[in-house]
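Working notes, structure below.
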Amino acid sequence: LDVLVREEDFARAGDLLYRDGFVELKNIREPHKYLYKRFDCGEEVIAVHLHSRVFWGATFVNPEAIWARVDGQVFDDVVFPLSAEDCLLTTLAHSFYENSAITLFDLCVVKQTLSNREIDWEYLKNTASDNKWEDGFCLSLLAYSRLNQAVFGDNLFPVDVIVKARQTLGQRFLLRGVAKRLERAEPTMPFY
C-alpha cells in the first residue's frame with residue numbers, strides 16, 4: 001500500500017505505524033519514502049510504503065499541488081483521497097518509472113479513476129511537462145491505451161488525448177519509433 005503523507009506529518013505517520021505493530025525496514029529507505037511491514041509469526045501480512053512526495057529519482061507531481069487539489073471527501077480525520085488527476089499521474093509515473101510495467105491492477109485503477117469523471121487533461125499534461133516527464137507521460141498513455149484495448153476492447157482515453165500524445169512523441173526523433181512499437185506490442189501481464 002502506497003500512502004502519501006504531508007511532509008510535516010511524515011514522522012508522526014511513521015510513529016503511528018510503529019505503534020500499530022509495523023516495523024520500519026531502514027535498509028530499504030529511499031528519498032521521500034520509508035517502508036514499513038507488519039508480520040505475523042514471521043510471515044509478512046502487509047507492507048506500507050510511506051511517501052512524502054511522488055518521487056522516484058525525481059519529483060513527478062508538486063506536493064503542494066496535490067494537497068491543494070485533494071478531493072473534498074474525507075475518509076476519516078487524516079485520510080483524504082487524491083484528486084482523480086493526481087491519482088492518474090501517480091499511477092502512470094509509478095508503473096512507468098518505478099516498476100517499468102503495467103499490472104492488471106494498475107490498468108483497473110486507471111480505468112476506475114476515469115469512469116464517470118470529468119478529467120482536467122490540461123492539468124495532467126502541464127504537470128508532466130513542468131516536472132520534466134512529458135515523454136514518459138505520453139508513452140504511458142499509449143501503453144495503457146494499448147493494453148486496455150487488448151484486455152477490455154474499448155478506448156480508455158479520449159481520442160484527442162491519444163492524438164496529442166502521438167504528436168508530442170512524433171516530435172522526438174528517438175521516441176517516434178518507440179511509440180509506434182509500443183502501440184503494436186503484444187500485450188502481456190504485466191505489460192513491460
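Odds and ends about this structure:
- Scan of the stretch 148-163 for residues that are among the aliphatic types (A, V, I, L, M), out of contact with any Lys or Arg (no Cβ under 8 Å at 6 or more places or on another chain) and under 21 Å from Asn116 (Cβ atoms), ordered by number: Val151, Val159, Val161, Ile162
- In the stretch 22-47, residue nearest to Leu1 (Cα to Cα) [restricted to those that are open to solvent by less than 40 Å² (accessible area, probe 1.4 Å) and outside any strand (DSSP E or B)]: Phe22
- Restricting attention to the stretch 122-143, the residues being under 15 Å from Ala65 (Cα atoms) and not hydroxyl-bearing (Ser, Thr, Tyr) number 7.
- Any chance Ser145 is within 15 Å of Pro190 (Cα to Cα), surrounded by 14 or more Cβ atoms within 10 Å (Cβ to Cβ), polar (S, T, N, Q) and free of Cβ contacts under 8 Å to residues at least 40 places away in the same chain: yes
- Asn116 vs. criteria within 30 Å of Val5 (Cβ to Cβ), assigned to a loop (DSSP other than H, G, I, E, B) and without any contact (Cβ under 8 Å) to a residue 40 or more places away in the chain: yes
- Restricting the stretch 128-139 to residues that are at pLDDT below 90 and not basic (Lys, Arg), the residue that is nearest to Leu169 (Cα to Cα): Trp133
- Single residue of Ser95, Ser129, Ser115, Ser100 found to be polar (S, T, N, Q) and touching a helix residue (DSSP H, G or I) at 6+ places or on another chain (Cβ under 6 Å): Ser95
- In the set (1) over 20 Å from Arg184 (Cβ atoms); (2) open to solvent by less than 50 Å² (accessible area, probe 1.4 Å); (3) in contact with a Phe, Trp or Tyr (Cβ under 6 Å, 6 or more places away or on another chain), the condition left unmet by Glu98 is number (2).
- Taken together, the residues in the stretch 139-178 that are in contact with a helix residue (DSSP H, G or I) (Cβ under 8 Å, 6 or more places away or on another chain), among the aromatic types (Phe, Trp, Tyr) and either over 18 Å from Lys125 (Cα atoms) or assigned to a helix (DSSP H, G or I) (or both) amount to 2.
- Evaluation of Leu169 against (1) open to solvent by less than 50 Å² (accessible area, probe 1.4 Å); (2) in contact (Cβ under 8 Å) with a residue 24 or more places away in the chain; (3) under 25 Å from Arg6 (Cα atoms) (one fails), failing number: (3)
The values are calculated or read from the model by the stated rules, or taken from the named source; none is laboratory data. All values reported here derive from a predicted model rather than from experimental measurement. As a convention, Cβ positions derive from the backbone with ideal geometry for all residues, glycine included, and neighbour counts pool all protein chains shown. The area values use the complete protein model at the heavy-atom level, side chains included, leaving out ligands, DNA and RNA. Shrake-Rupley method; radii C 1.70, N 1.55, O 1.52, S 1.80 Å.
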